[in-house]
Amino acid sequence: MGRVGTNQYYCWECCLEFGFEKDNIKIYEIDDEGGLSTIGELEIPSKNTLLQF
């Protein structure tokens with residue numbers, strides 16, 4: 001994982017970018033021109049739950 005901005009990260013293995021917004025994680029795909037396209041959104045579970053991807 002690499003950090004690309006405030007609350008935004010990039011996964012080098014799956015080539016996806018994701019960011020945290022309030023109670024959600026938004027997942028983005030990078031298009032051929034370098035723009036971001038939203039491909040999904042996950043609700044963040046309670047603080048006591050471990051996230052696994």
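Checking Pro45 against (1) at pLDDT below 90; (2) open to solvent by 60 Å² or more (accessible area, probe 1.4 Å), which single condition isn't satisfied? Exception for Pro45: condition (2). Only residues that are among the small types (Gly, Ala, Ser) and under 14 Å from Gly5 (Cα atoms): list them for the stretch 18-35, please. Result: Gly19, single match.
The values are calculated or read from the model by the stated rules, or taken from the named source; none is laboratory data. Source: prediction; values computed, not measured. Keep in mind that these areas ignore ligands, DNA and RNA; they rest on the heavy atoms of the full protein, side chains included. Shrake-Rupley method; radii C 1.70, N 1.55, O 1.52, S 1.80 Å.
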